[in-house]
Amino acid sequence: MSPTPVLRQLTDIDDLDRATALALLDRAQALREVAGGRAPALDTLAGRTVVNLFFENSTRTRVSFALAARRLGAEVVDFHAHTSSTAKGETLLDTWRTLHAMGTDAFVVRHADDDAVAALAAAIGPDVPLVNAGSGRRAHPTQALLDALTMRQCLGDWSGLTVTVVGDIRHSRVARSNLKLLRLLGVGALRVAAPAALHADDLDDPAVQRFEQLEPALAGADVVMALRVQHERMAQGGSPDPAAFHADWGLTTARLARAAPHAIVLHPGPINRGVEIASEVADGPRSMILAQVGNGVAVRMAVLEALLAPAPR
Ligand code: ASP
């Protein structure tokens, strides 16, 4: 099996150099059978406790971090913000202090605020194992890792790939972390496609081609990553009409025909059928959406292992 990389915290892709990113991906690949429940769980993290601290909704990320920890032999504590003392006004840092005082080892944090996870990392210091499970629009590093792994499994090394990210780029932490990681890994070409209002100025970069129409952005693409319209991050009344969005920006089989014949379709989920993606594409032969989900457990195992193994801290 490939060796376990060592990492204390993963708050953003900036915490990784290329060698560490590759080592995490190789380790995740090696862990796939255990991650998928097809091989017995490991005991690498026996006696360690991982806390899932989620202040924003989640299905895939929360469950896959819990499974990843359990399949490494760790115990998991699931913290629910809406039924906790957060509802009584307790701050994130005080919540962390409380849970840390109970003898827990690693923290997986999701928060609606762009800066919450970075601020927590600054407050608790660099030695406490911490993973960002999605912070506002800013970062979602384990999503980017699982996306990169899925690309490599389907299409080989990233250097030959043209990757098109399409949809609500502006509000997407998935887009931000993916662009950073794919550049770090040396992707062939990067494209972002969105209506003008859903582009993000902070992502303007000569290395990223920007499109305001879908069809040309899909031409010859090897990977098409569709993103959900993130209504929860938009001002009231600012959301596009779902049917109108689908008419201009929905990923349909007819539109996908412009991509490379072997192109794969990714989506971080949750999908909104008939909005950013048609069911025929989401459920079609090019869709790797459920493969992404499976890779999520493997990547999160690799990350937790890197944070906590081998020596207790
Ligand atoms: N699940 C992803 C995230 O947490 C994408 C989304 O919510 O649309 O960012």
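No value in this document is a laboratory result; all are computed from the given coordinates. Predicted model only: the values in this text are computed from it and were never measured. All Cβ positions, glycine included, derive from the backbone under ideal geometry; neighbour counts span all protein chains shown.
Given the C-alpha atoms of segment 117-180, compute the convex hull and give its volume per residue in Å³.
Details: hull volume 6.4 nm³, N = 64.
Cα convex hull per residue, to the nearest whole number: 100 Å³.
By the helix-only formula, in which each DSSP H run with n ≥ 4 contributes -39500 (n - 2.57) and the sum is divided by residues, the chain has a 222 nm mean residue ellipticity of -10500 deg cm²/dmol. Relative to the longest principal axis of the Cα atoms of the chain, the long axis of helix 18-30 lies at roughly 80 degrees. Cβ under 12 Å from residue 148's Cβ, residue 148 left aside: what net charge do those residues give with Lys, Arg +1 and Asp, Glu -1? Charge balance in the 12 Å sphere: +1. Axis of helix 173-184 versus longest Cα principal axis of the chain: the two differ by about 90°, to the nearest ten degrees.
Segment 159-230 and segment 1-80 have Cα centres lying 26 Å from one another. Considering only 111, 80, 199, the Gaussian network model of the chain with Cα springs below 10 Å gives its largest mean-square fluctuation to 80. Beta bridges assigned by DSSP with both partners in the chain are antiparallel in approximately 5 percent of cases.
The stretch between residue 204 and residue 57 holds 50.0 nm of extra length on full extension. This uses 0.36 nm per residue minus the Cα-Cα distance. Remark: the chain is approximated by an ellipsoid whose semi-axes, taken from the C-alpha gyration tensor as √(5λ), come to 32, 23, 17 Å, largest first. Here each label is just a point 7 Å from Cα along the line to Cβ, and for residue 235 and residue 159 those points are 4.7 nm apart. If you line up the long axis of helix 289-308 against the longest principal axis of the chain, both from Cα atoms, how many degrees apart are they, to the nearest 10? The answer is roughly 30 degrees. Residues within the reach of a label modelled at residue 124 (point 7 angstrom out along Cα to beta-carbon, backbone nitrogen below 12 Å), restricted to segment 76-117, are 92-110, 117. In this rough spin-label picture, where each label sits 7 Å from Cα along the Cβ direction, the residue 14-residue 283 distance is 4.3 nm.
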